[in-house]
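Data first, discussion second: the structure below is written as structure tokens.
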Amino acid sequence: MTERTRGKGFGVPGVDPGMDPVVDVVVIGAGQAGLSSAYFLRRAGLDFVVLDANPGPGGAWRHRWPTLRLGTVHGIHDLPGLALPHTDEDRPASEVVAEYFGRYEREFDLPVLRPVAVKAVRDTGSTLRVETARGAWEARALINATGTWDRPFWPRYPGQAEFAGRQLHTADYRGPEEFVGKRVVVVGGGASAVQALIELAPGAAATTWVTRRPPVWRDGPFTPEVGRAAVARVAEAVEAGRPPESVVSVTGLVLTPEVVEARRSGVLDRLPVFDRLTADGVAWDDGRFVPADTILWATGFRHALDHLAPLRLRGHGGGITVAGTRVAADPRVHLVGYGPSASTIGATRAGRAAVAELKRYLAGRAAPVG
């Protein structure tokens, strides 16, 4: 690692606080998108540093519930240059991916600093100033790869504050054991809701699934053509400055054998979302009522982009207009793992594309002083 790559550590273990804080690129986040970007930055010969808020490797995967096994996730695409090793599919996905990402960081000597939480990114005119709780880095360009895990989305419904039971988001879900004997309402139409219902049903007193729209089931393989169509639809949204759609809204829910059995047994019978919560359940305006002890909000996440607010990148449509990975309002900023690249395979392709574009951009700019 060169002096500029190491940056000014300001108390970060293993980093010399006397080093020059100017780098070519700061990468924010060390999940799939951040590590893919770092790999291509290393190959491109650019000075960079990766700032990660987590205490260890794994990105968002390290926060997944322990009962989510490797064999039940939809798939983890290999990081560039190092395949995910074959392992026991009954192991927790959080453990397997954390080990894999940690090995990847060591294998390619990636300059990942953690835990370093980025508070704000500001435009100084000549550089982008990346401010953290442990000091600041100056960058000629930025790759933001923060994903969504830090921003669980909680919808609002009448009576929510009056509900006497427990409410939690899937971000805080740790497995089915604590729901044994409980009446659970699961809200949300994504894969996390389906996985949770299948886990909860055997031990819960009752489970009820509610969604805003009827679920769309995909019967058949997820072909490359299907994937490209989904990516194109999401890309169209972000290129127009709209917030990106969820993956499931584009691709549908996959009918695995486990899901087929859950549908046959009635576990995945769906109701339209309720109109309000009461002290002891959920109610509809047509008179339907379902008693509940717990509401599990499987309502997804929003992209963690608050630290970019000082750059004023959002447009009138509520999203950030992006061409590929490049932010239209500022060519120094690339969003990897956002919109069409918010998938394991998409993040790798986007990391490669972002670095190629930034290398060309930086080659035409004056080199940093220091």
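We did not get these values from a lab; they are worked out from the coordinates using the rules stated. From a predicted model like this one, the values you see are computed outputs, not experimental measurements. Positions of Cβ are generated from backbone atoms using ideal geometry, with glycine treated the same way; all protein chains shown enter the neighbour counts.
In plain terms, the residue of 334, 86, 303 with the fewest other Cβ atoms within 10 Å comes first and the most crowded comes last, giving 86, 303, 334.
Assuming a ≥ b ≥ c are the square roots of the Cα gyration tensor eigenvalues, decide whether region 89-218 counts as rounded (a/c under 1.5), prolate (otherwise, with a/b larger than b/c) or oblate. Note, shape of region 89-218 comes out prolate. Listed by Cβ neighbour count within 10 Å, with the fewest neighbours leading, 131, 199, 107 appear as 107, 131, 199. Along region 322-331 the Karplus relation, 6.51 cos²θ - 1.76 cosθ + 1.60 evaluated at θ = phi - 60°, assigns HN-Hα couplings of 10, 10, x, 10, 7, 6, 4, 7, 7, x Hz to successive residues, with x for each Gly and Pro.
Taking label positions 7 Å along the Cα-Cβ direction at both residue 312 and residue 108, the computed distance is 3.6 nm, reported to one decimal.
Shown for 157, 100, 338: other C-beta atoms within 10 Å of each C-beta, ranked fewest to most, produce the order 157, 100, 338. Sort region 145-193 into rounded, prolate or oblate with this rule: let a ≥ b ≥ c be the square roots of the eigenvalues of the Cα gyration tensor; rounded if a/c is under 1.5, and if a/c is not under 1.5, prolate when a/b is larger than b/c, oblate otherwise. Oblate is the answer for region 145-193, as a/c is 1.5 or above yet b/c matches or exceeds a/b. For region 124-166, the share of alpha carbon pairs falling in successive 10 Å distance bins from zero is 19, 28, 20, 16, 16, 1 percent.
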